[in-house]
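Peer 1: Pasting a structure below so you can have a look.
The values are calculated or read from the model by the stated rules, or taken from the named source; none is laboratory data. Please read all numbers here as calculations on a predicted model, not as lab measurements. Here the Cβ is made from the backbone with ideal geometry for all residues, glycine too, and neighbour counts use every protein chain on show. Accessible surface is based on the protein model in full, side chains and every heavy atom, while ligands, DNA and RNA are left aside. Shrake-Rupley method; radii C 1.70, N 1.55, O 1.52, S 1.80 Å.
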Amino acid sequence: MAQTKNKAVFYCQNCGYESTKWMGQCPGCREWNTFVEEVVKTSSLKNPGRGGGAGRTAPAVLADITIQEEARLSTQIGELDRVLGGGIVQGSLTLVGGDPGIGKSTLLLQTCWKLAEKGHKVLYISGEESQVQIKMRADRIGSFAEGMLLLCETNLDSIREVIQREMPKVVIIDSIQTMYNEEVSAAPGSVSQVRESTGVLLQLAKGMNISVFIVGHVTKEGTVAGPRVLEHMVDTVLYFEGDRHASYRILRGVKNRFGSTNEIGVFEMGQEGLAEVHNPSEYMLEGRPEGASGSVVACAMEGTRPLLLEIQALLCHSNFGIPRRQATGTDLNRVNLLMAVLEKRCGVQLSGCDAYVNIAGGMKVQEPAMDLAIVLAALSSFKNRGISPRLVAFGEVGLSGEVRSVSMAAQRVAEARKLGFDTCILPAVCMKGLQGDGSMKLIGVRSIQDAVNALL
Ligand code: TYD
Ligand code: MG
């Protein structure tokens, strides 16, 4: 064991930047006045987290390593399994981040419920709520089986003891910001405390082959406190997001050592906790105005999953010299660019128009494949002419007004067909191998002018 020595280190409370002296502005994130001194014992600083024995450091021949199918534990919640890459990997450490009140505790409690029902031993450790509060929440979800254990504790030493005694299969830590390690003198929630606590949990997970879920609250700036530090230590990072005013929630994988990222799981918050949404397209399109001008359905891809979304645009006469442009759920710069392309290539005078573009339902999508639908919605609103409600459009728009190819066209068309749409406008180059039929007409376009001629 290295000699322990107290050392003062300054951490940026916003991004986790470490410095030996105090600074007014953080070189990492450029925020002011974010440095706080935290005393750290030097021996615990040198904690790479992976544990491992000393002395046995021989390299292995890569070709000789055999892969065993990772033992995965299904959570029985299809949408969560999908984001995790097929289930919980034994001995993995997963971070679940999200705004306060979004439903992280509910999701994990429901996971515990399903696992306990299957006869697995799970331990839910809460540092935020009392046992009675959790019981009240649990009663809304259902009746729990024997295997579900509950512990209200924030001291990591006690937590380690309980885990070693009980040997559960899955442990939930709710939340990492409330946990503290006595060896670190900094306050709970500070960067060094969060980092040290995660290190301890990592060792427990890897050493005892227990799967650990860590809840992390997202700060105002939209990152988990001590974010970079936490994200690279854990195996999987999931973000739980959603609109406060809408009931749906999206679980997004941003890092996964055991599966693909960019997968999403869709849930709906209801009276009995979170329910899975198996067909998000149908859910997103609910209550859409049929045949109104400025409304076009687009098809985005979230990972390998096609998602139909309604794009709304409103163009109206501007009362000011500089027209107002606003985008909700998509990139404003992209909208500005598309308006310019539309003006130049289709000869419509938009410089005197305010333009508002909105992705209905509160989803956020940055995919260029939405371009064509945004252009069509804008033009539909400008001309005040509705577009068929049974039409789906997708394609990237280039600066010359050309419609460029996008990936996975076949899946997008299939999703539109599944939901009963009868026309699809897509890039002509994506038509290869695709065939329309009686129930679905495919229109391949080379430029936005082609698309406009076909529709408006
Ligand atoms: P919670 O899981 O406590 O959020 P987090 O742990 O991310 O802070 O979610 C709390 C919100 O969910 C709260 O506003 C109430 C709501 N909720 C329901 O609408 N229905 C339910 O069945 C439950 C358990 C919670
Ligand atoms: Mg909570």
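Peer 1: Would you pick out the residues in region 88-102 that are assigned to a loop (DSSP other than H, G, I, E, B) and either open to solvent by 10 Å² or more (accessible area, probe 1.4 Å) or more than 7 Å from ligand 1 (Cβ to nearest atom) (or both)?
Peer 2: If the condition is that a residue be assigned to a loop (DSSP other than H, G, I, E, B) and either open to solvent by 10 Å² or more (accessible area, probe 1.4 Å) or more than 7 Å from ligand 1 (Cβ to nearest atom) (or both), then GLN90, GLY91, SER92, ASP99, PRO100, GLY101 are the ones that fit.
Peer 1: Now, a different point. Could you tell me which numbered condition LEU151 fails, if it satisfies all but one of (1) crowded, with 21+ Cβ neighbours inside 10 Å; (2) in a strand (DSSP E or B); (3) within 16 Å of ligand 2 (Cβ to nearest atom)?
Peer 2: Exception for LEU151: condition (1).
Peer 1: Suppose the filter is open to solvent by less than 10 Å² (accessible area, probe 1.4 Å) and part of a strand (DSSP E or B); does VAL392 pass it?
Peer 2: In short, yes.
Peer 1: For ASP139, which of the numbered conditions (1) buried (at least 17 other Cβ atoms within 10 Å of the Cβ); (2) assigned to a helix (DSSP H, G or I); (3) within 12 Å of ligand 1 (Cβ to nearest atom) fails to hold?
Peer 2: (1)
Peer 1: Which of the residues spanning region 363-383 are out of contact with any Gly (no Cβ under 7 Å at 6 or more places or on another chain) and either closer than 22 Å to GLU263 by Cα or open to solvent by 10 Å² or more (accessible area, probe 1.4 Å) (or both)?
Peer 2: Those that are out of contact with any Gly (no Cβ under 7 Å at 6 or more places or on another chain) and either closer than 22 Å to GLU263 by Cα or open to solvent by 10 Å² or more (accessible area, probe 1.4 Å) (or both): GLN366, GLU367, PRO368, MET370, PHE382, LYS383.
Peer 1: Checking the structure you have, find out if any residue of region 172-182 is away from ligand 1 (no atom under 16 Å from the Cβ), open to solvent by less than 50 Å² (accessible area, probe 1.4 Å) and of a type in the set (A, V, I, L, M, F, W, C).
Peer 2: No, that holds for no residue.
Peer 1: Same structure again: Among residues belonging to region 7-29 that are assigned to a strand (DSSP E or B) and small (Gly, Ala, Ser), point out the one that is modelled with the lowest pLDDT.
Peer 2: ALA8
Peer 1: In region 105-129, which residues are open to solvent by 10 Å² or more (accessible area, probe 1.4 Å) and within 14 Å of ILE214 (Cα to Cα)?
Peer 2: SER105, THR106, GLY127, GLU128
Peer 1: Step by step: first the residues of region 439-456, then only those that are open to solvent by 50 Å² or more (accessible area, probe 1.4 Å) and of a type in the set (A, V, I, L, M, F, W, C), then the one that is nearest to ARG390 (Cα to Cα). Which residue is that?
Peer 2: Within region 439-456, the match that is nearest to ARG390 (Cα to Cα) is LEU455.
Peer 1: Suppose the filter is over 23 Å from VAL277 (Cα atoms), away from ligand 2 (no atom under 16 Å from the Cβ) and either open to solvent by 30 Å² or more (accessible area, probe 1.4 Å) or not in a loop (DSSP other than H, G, I, E, B) (or both); does LEU80 pass it?
Peer 2: No, not satisfied.
Peer 1: Looking only at region 307-317, decide whether some residue is free of Cβ contacts under 8 Å to residues at least 40 places away in the same chain and of a type in the set (Val, Ile, Thr).
Peer 2: no
Peer 1: Let me ask something else about it. Determine, yes or no, whether GLY294 is out of contact with any strand residue (DSSP E or B) (no Cβ under 9 Å at 6 or more places or on another chain), over 27 Å from ARG140 (Cα atoms) and away from ligand 1 (no atom under 16 Å from the Cβ).
Peer 2: No, not satisfied.
Peer 1: Tell me, please, whether a residue that is more than 18 Å from SER380 (Cβ to Cβ), open to solvent by 20 Å² or more (accessible area, probe 1.4 Å) and assigned to a strand (DSSP E or B) can be found in region 309-319.
Peer 2: No, region 309-319 contains no residue that is more than 18 Å from SER380 (Cβ to Cβ), open to solvent by 20 Å² or more (accessible area, probe 1.4 Å) and assigned to a strand (DSSP E or B).
Peer 1: Same structure, new question: Please give the number of the condition GLY347 fails out of (1) at pLDDT below 95; (2) open to solvent by less than 30 Å² (accessible area, probe 1.4 Å); (3) on the phi > 0 side of the Ramachandran plot.
Peer 2: (2)
Peer 1: Among the residues that make up region 395-411, is at least one of them under 30 Å from the mean Cα position of the chain (by Cα), in a strand (DSSP E or B) and basic (Lys, Arg)?
Peer 2: yes
Peer 1: Let me ask something additional. Across region 103-128, what is the total count of residues that are touching an Asp or Glu at 6+ places or on another chain (Cβ under 8 Å), in a loop (DSSP other than H, G, I, E, B) and either within 14 Å of ligand 2 (Cβ to nearest atom) or within 17 Å of SER175 (Cβ to Cβ) (or both)?
Peer 2: 2
Peer 1: Please find, within region 243-278, the residue that is nearest to GLY386 (Cα to Cα) out of those that are open to solvent by less than 40 Å² (accessible area, probe 1.4 Å) and not in a strand (DSSP E or B).
Peer 2: Top of the filtered list is ALA246.
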